[in-house]
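Q: Please find one structure pasted underneath; my questions will follow.
The values are calculated or read from the model by the stated rules, or taken from the named source; none is laboratory data. Since this is a predicted model, take the numbers as computed values, not measurements. As a convention, Cβ positions derive from the backbone with ideal geometry for all residues, glycine included, and neighbour counts pool all protein chains shown.
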Amino acid sequence: MLIKNLKLESKFNTFLLIIFVIGMFLTSSLLYQVLEQNAKAEIADRAQLIMQTMNSVRDYTTNNIQPLLNDRLETEAAFIPETVPAFSATEVFQRLRKNEAYRSFFYKEATLNPTNLRDKGDSFETTLVEKFRNEAAVKELSGFRDLPGGKVFYVARPLTVKKDSCLRCHSTPDRAPKSQIATYGSDNGFGWKLNEIIATQIISVPAAEILDNAQDALKIVMAVLLAVFGAILLAINYLLRRTVIQPIKDMVKTAEAVSLGDMDAEFQHQSQDEVGLLAAAFGRMKSSLQISMNLLKQLE
């Protein structure tokens, strides 16, 4: 009932506003999903690139460094950690993090029973390892995680004992190099088995900034749409007043004057649109009324 009492311009603007609100809601929802998916894809690409780089470091250590230094593990007083792929990858990544652009990136080979306790997995990383162990078909896990430094996107893969040579350092203490026992002791990092998942390789990429950029892009697009709608609304209102509302108001004034006996009142509208047709019909009606009035006067 309320809308029936509104003027034509108000009804038109209300209708447009409802359409705009619905359109903005649908557009913002769809656009946010697209921007969020693009942001996630960008984050995932960064994580995969770093993961491949770390795997290249591991492969280089296994194939090129270990053969050169393996014999020295029995003669050196201290263990040579550079022979361990996990150590090399971690050290290379720590140097990468000195670059300001990668300061918030994290890499870890989280192990349930590591030789070096800095590689011990926390509760979250332990859960990932257990999932890989319990679900053999799962080869990669990823998602978002909240850390003290902000939200990160992680990619995790299982690390499996694939070579018997790995068990030299991790099967039993009596098989381990003397330098390893001297440096790390005989309590940790043993009991590993061939083809057993013993760790997860996990890379964490900061996500807050990229997701914020996606939200900022959404705000900009929505602001542009709002400005465009405002301009369109002003243009339509101007056209509506000029071509419809004002001619109708003029016609109403003319009709009121005629109803009060002023038969000289005229309404001119030259356009051929619907308002022009209405004006022509009004003119014919006025002429008919004037003829009728003249006939009545003659009869009197």
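Q: Quick one: is residue 203 at negative phi and buried (at least 17 other Cβ atoms within 10 Å of the Cβ)? Please lay out each step first, then the result.
A: Working: at negative phi: yes; buried (at least 17 other Cβ atoms within 10 Å of the Cβ): yes.
Here the answer is yes, as residue 203 does meet what is asked.
Q: For the subset of segment 122-141 comprising residues that are small (Gly, Ala, Ser) and modelled with pLDDT of 90 or more, which member is nearest to residue 179 (Cα to Cα)? Spell out how you get there, then give the answer.
A: Looking only at segment 122-141, we keep the residues that are small (Gly, Ala, Ser), and these are 123, 136-137.
Add one more test, that the residue is modelled with pLDDT of 90 or more, and what stays is 123, 137.
On the way: 123: 31, 137: 38 Å.
Taking the candidates together, the pick is 123.
A quick yes/no check of all residues on (1) buried (at least 17 other Cβ atoms within 10 Å of the Cβ); (2) modelled with pLDDT of 80 or more; (3) outside the structural domain of residue 124 (by TED's automatic domain parsing):
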position	(1), (2), (3)
159	yes, yes, no
165	no, no, no
191	no, yes, no
221	no, yes, yes
230	no, yes, yes
254	yes, no, yes
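Q: Related question: Looking at (1) over 30 Å from residue 220 (Cα atoms); (2) surrounded by 15 or more Cβ atoms within 10 Å (Cβ to Cβ), which is the one condition that is false for residue 98?
A: Of (1) over 30 Å from residue 220 (Cα atoms); (2) surrounded by 15 or more Cβ atoms within 10 Å (Cβ to Cβ), only one is false for residue 98: (2).
Q: Another question, then. Pairs, please: C-beta under 6 Å, at least 6 apart or cross-chain, first residue of a type in the set (S, T, N, Q) and in segment 54-74, second in a helix (DSSP H, G or I)?
A: Partner pairs satisfying both residue conditions: 61/85; 61/88; 62/85; 66/83.
Let's see how each residue does on (1) assigned by TED's automatic domain parsing to the domain that holds residue 110; (2) of a type outside the set (Lys, Arg); (3) over 28 Å from residue 184 (Cα atoms):
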residue	(1), (2), (3)
74	yes, yes, no
81	yes, yes, no
86	yes, yes, no
90	yes, yes, no
95	yes, no, no
100	yes, yes, yes
